[in-house]
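Values quoted throughout were computed directly from the atomic coordinates according to the rules given, and no laboratory measurement underlies them. The structure presented is a predicted model; accordingly, all values stated were derived computationally and were not measured. All Cβ positions, even for glycine, are placed from backbone atoms using ideal geometry, and neighbour counts span all protein chains on display.
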Amino acid sequence: MFKVGIITASDKGYIGEREDESGKLIAQILEERNYKVERKAIVPDDIDAIFNEIVFMADDLKLDLILTTGGTGFSLRDVTPEATLKACDRMANGISEAIRAYSLRITPRAMLSRGVSGIRNKTLIINLPGSPKAVKESLEFTLDSIYHGLEILTGRGSECARK
């Protein structure tokens, strides 16, 4: 069972003016697929707040997967990709490219997503969109491949055990 952290980047969510529907949906989808959600955090759209939460989840909690939602658009306050890039040792660009390619079949506005994916030590970090609909579509499309990637990254897969 992989351990997961969920970070919602939202100024309004952080101060209680908006309900975190996307974070709740991520948790629900992952728990249905046998992932263990260890921590959920709502942070303001602030590069340091997002970065610090990613580092805490990866380095202190040693989570296998961190999923962010929100903060990937064109607004000046949308800085989730920058915080993620700052936290990562290596990139996993194919994941975000696949999410965008799949989402483009649904809406041409998917090209406006700036989400990134990367690795910090043995933690995979993926920026998801902010809307619940886009979160659901993205996870349903990628979760099987993400699971396989986590098996390789953490050395817990059957192929990894034989090596």
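Summarising the amide proton neighbourhood of ARG18: residues at separation of 5 or more, or on other chains, whose placed amide H is nearer than 5 Å comprise GLY13.
Amide H to amide H distances under 5 Å link ILE66 with GLY5, LEU124, ILE125, ILE126, where only residues 5 or more positions off or on other chains count and H is placed in the peptide plane. Annotation: amide H of VAL37 within the under-5 Å range of VAL4, sequence separation 5 or more or interchain, hydrogens built in the peptide plane. For the chain, adding -39500 (n - 2.57) for each run of n ≥ 4 DSSP H residues and dividing by the number of residues yields -13500 deg cm²/dmol at 222 nm.
Measure out, as a whole number of angstrom, how far apart the alpha-carbon centroids of segment 77-137 and segment 1-22 sit. Computed from Cα coordinates, the inter-centre distance equals 16 Å. Each Lys and Arg adds +1 at its Cβ and each Asp and Glu adds -1 at its Cβ; summed about the Cα centre, segment 1-103 shows a dipole of about 280 debye. Cα gyration tensor of segment 3-155, axes a ≥ b ≥ c as square roots of the eigenvalues: rounded (a/c below 1.5), prolate (a/b > b/c) or oblate? The shape class here is rounded.
The Cα atoms of segment 1-75 give a gyration tensor whose axes a ≥ b ≥ c have a/c of 1.5 or more with a/b no greater than b/c, which makes the shape oblate. Sites listed here are GluC sites (Glu not before Pro) in segment 7-91 whose DSSP assignment is loop and whose Cβ has at most 12 other Cβ atoms within 10 Å: GLU17, GLU19. For segment 133-144, the Karplus equation 6.51 cos²θ - 1.76 cosθ + 1.60, evaluated at θ = phi - 60°, returns couplings of 4, 5, 4, 4, 4, 5, 5, 4, 6, 10, 4, 4 Hz by residue, with Gly and Pro reported as x. The HN-Hα couplings worked out from phi for segment 36-47 by the Karplus form 6.51 cos²θ - 1.76 cosθ + 1.60 (θ = phi - 60°) are 10, 7, 8, 8, 10, 9, 10, 10, x, 6, 9, 4 Hz, whole numbers, x standing for Gly and Pro.
Of LYS36/LYS62; LYS24/LYS122; LYS12/LYS40; LYS24/LYS86, which sit over 19 Å apart, Cα to Cα?
Details: LYS36/LYS62 13 Å; LYS24/LYS122 24 Å; LYS12/LYS40 16 Å; LYS24/LYS86 26 Å.
In this structure, LYS24/LYS122; LYS24/LYS86 exceed 19 Å between Cα atoms.
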